[in-house]
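The values are calculated or read from the model by the stated rules, or taken from the named source; none is laboratory data. Since the structure is predicted, the reported quantities are computational estimates derived from the model, not experimental observations. Reconstructed Cβ throughout: ideal geometry from the backbone, glycine too, with neighbour counts over all protein chains shown.
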């Protein structure tokens, strides 16, 4: 599971920093999460193949999370994209995009599907045989969702050494991966545990931006492998985080601790701070495994 | 008169090139012309003060000319702008911007005025005591205007040496600048020509992008100091320029020659070309004073 931070600063694009956008690579999927102005250039800089992006998840309709979407959709058009593109985001996003496409006399040569969200409860957005994506309802000034990306329970891993001693047809291997036992010709049963190892634990990524501190998300993100939680401010500016419905680094760490996640990534820093290390220091007083998002940074969790 | 090219390539933003946006500084005005994605970052890189921009002119509603406008308007909001902002552009631009501001639950603390254009004839957009701005109706796939920026006739320049010999009160100087004669106490008239020099010739900037070759613009841009004319293609790709209603470098030069302008700036290059010098070479076969726009380039015409 690999997370590439395209941008992680709040508010406005600047010369050397970008507002929110991330790429999550999980089980052969390349998911784009939020899409601020400049995202397509950041994708190029990070060498992410445009054609691999089939799903875009937009948390909320503040500009620093979606003003780059119309440009990306247009560029896909100019590049003669053929794959379907699915956009998940708050109700209203479809009208905004289509109004602009119509004004330019354009239409996409590919199928563009909008999945508009209105629910205040967590809901299933996407599922295939390997991955599930759900919303994480957040508390912000406008309707906002985070997103939980979950690997499905993976298969048991074959113990080739053990299997070799039985000289068995490979056709049965799939059955063993699913937990089935082996029945020999003489009727003797060899239990699955002697033929396979436990599966690799499925990983998960919980993306939570933008939001005020809210424990309502804990049951959804519980024990996630990685939590990205916004920390627009430090505790010294908690009056601003309350007022603007954002979080502090300490609050992000509290959520990480209470949800018992393995790793916390901080981001969405206010541009008032010159040194983002202060966010890590503040969060580390509460939680041990704190990572700082930064533009262009790639983080792999094995 | 100074032109700063923020971006001058066609179609999509790339790692090292930007779609169309320019700043024109003329007679204490700072006009923004077109506003593609990434314009606000390009403004920062060129150190143009955001607060000086009070007028934005949008040629047409293709993304590579206006997708950066909503971001700029939002950033002005976050910077607590107070000055009025005037946006001139095709009908439809107001709905696109306001829909997005409403979706984000935002409103601008400054007055935001839209001047929506529908006319196919050249019309006056702006006038004060020093500058006039008019539309230049262009021929493109969607409704498009170029813009003509004209300095007004400037005042006559005082001949201080001549004036000193008369020991006259400075209160009269303004009258002489306007062409008035001097009447001495004894009734003798000193003609203005002995007291002043001719005024500096007023300068003008004609911005024409995007457009196919059309001689209908000649009467409007005639004898302009500087013409910016799009040259998306070279003559070797004239089949593409015809199809997409763009121009070649040669066609841009022909317009410059027929309009008897002083200088031609080329831009809006298709990203298929690796070397923009070829545009200059092609145009130079027709017209002598050819300048190449390039991102970040500043051009001053005195």
Among helices (runs of 4 or more DSSP H) entirely within the range A:171-250, at least 3 residues that are at pLDDT 95 or above occur in A:218-221, A:238-244
Residue set B:246, B:263; condition closer than 18 Å to residue B:3 by Cα and touching a residue at least 24 places away in the same chain (Cβ under 8 Å); output residue B:263
Restricting the range A:76-93 to residues that are in contact (Cβ under 8 Å) with a residue 12 or more places away in the chain and within 11 Å of chain B (Cβ to nearest Cβ), the one farthest from residue A:133 (Cα to Cα) turns out to be A:79
- So is residue B:100 within 22 Å of residue B:207 (Cα to Cα), in contact with a helix residue (DSSP H, G or I) (Cβ under 9 Å, 6 or more places away or on another chain), part of a helix (DSSP H, G or I) and facing chain A (nearest Cβ under 10 Å) or not? no
Residue B:62 meets each of (1) farther than 27 Å from residue A:144 by Cα; (2) surrounded by 20 or more Cβ atoms within 10 Å (Cβ to Cβ); (3) in contact with a strand residue (DSSP E or B) (Cβ under 9 Å, 6 or more places away or on another chain); (4) within 14 Å of chain A (Cβ to nearest Cβ) with one exception, condition (3)
Would you confirm, using the coordinates I've provided, whether residue A:284 is surrounded by fewer than 18 Cβ atoms within 10 Å (Cβ to Cβ), in contact with a helix residue (DSSP H, G or I) (Cβ under 8 Å, 6 or more places away or on another chain) and at negative phi? yes
Q. Is it the case that residue B:140 is within 14 Å of chain A (Cβ to nearest Cβ) and either within 16 Å of residue B:58 (Cβ to Cβ) or touching a strand residue (DSSP E or B) at 6+ places or on another chain (Cβ under 6 Å) (or both)?
A. yes
Taking the range B:30-72 and keeping residues part of a loop (DSSP other than H, G, I, E, B) and on the phi < 0 side of the Ramachandran plot leaves B:36, B:37, B:46, B:48, B:49, B:58, B:59, B:60, B:61, B:62, B:67, B:68
**Item:** So residue B:25, is it within 13 Å of chain A (Cβ to nearest Cβ), in contact (Cβ under 8 Å) with a residue 12 or more places away in the chain and in contact with a helix residue (DSSP H, G or I) (Cβ under 9 Å, 6 or more places away or on another chain)
**Value:** no
Exception for residue B:68 within (1) more than 21 Å from residue A:272 (Cα to Cα); (2) surrounded by fewer than 19 Cβ atoms within 10 Å (Cβ to Cβ); (3) facing chain A (nearest Cβ under 8 Å); (4) touching a strand residue (DSSP E or B) at 6+ places or on another chain (Cβ under 9 Å) falls at (2)
Meets criteria (touching a helix residue (DSSP H, G or I) at 6+ places or on another chain (Cβ under 8 Å) and either within 11 Å of chain A (Cβ to nearest Cβ) or at pLDDT 95 or above (or both)) for residue B:110: yes
Suppose the filter is farther than 30 Å from residue B:11 by Cβ and not in a loop (DSSP other than H, G, I, E, B); does residue B:148 pass it? no
Being surrounded by 18 or more Cβ atoms within 10 Å (Cβ to Cβ) and free of Cβ contacts under 8 Å to residues at least 60 places away in the same chain, is that true of even one residue in the range B:118-134?
no
Scanning the range B:40-52 for residues that are more than 9 Å from chain A (Cβ to nearest Cβ) and buried (at least 21 other Cβ atoms within 10 Å of the Cβ), the one nearest to residue B:88 (Cα to Cα) turns out to be B:43
Does residue B:73 qualify as being modelled with pLDDT of 95 or more, facing chain A (nearest Cβ under 8 Å) and under 27 Å from residue A:107 (Cβ atoms)? no
Per the filter on the range A:1-22, residues part of a loop (DSSP other than H, G, I, E, B), facing chain B (nearest Cβ under 10 Å) and touching a strand residue (DSSP E or B) at 6+ places or on another chain (Cβ under 6 Å) are A:18, A:19
Among residues of the range B:287-302 being loosely packed, with under 13 Cβ neighbours inside 10 Å and within 18 Å of the chain's Cα centre (by Cα), the residue farthest from residue B:14 (Cα to Cα) is B:302
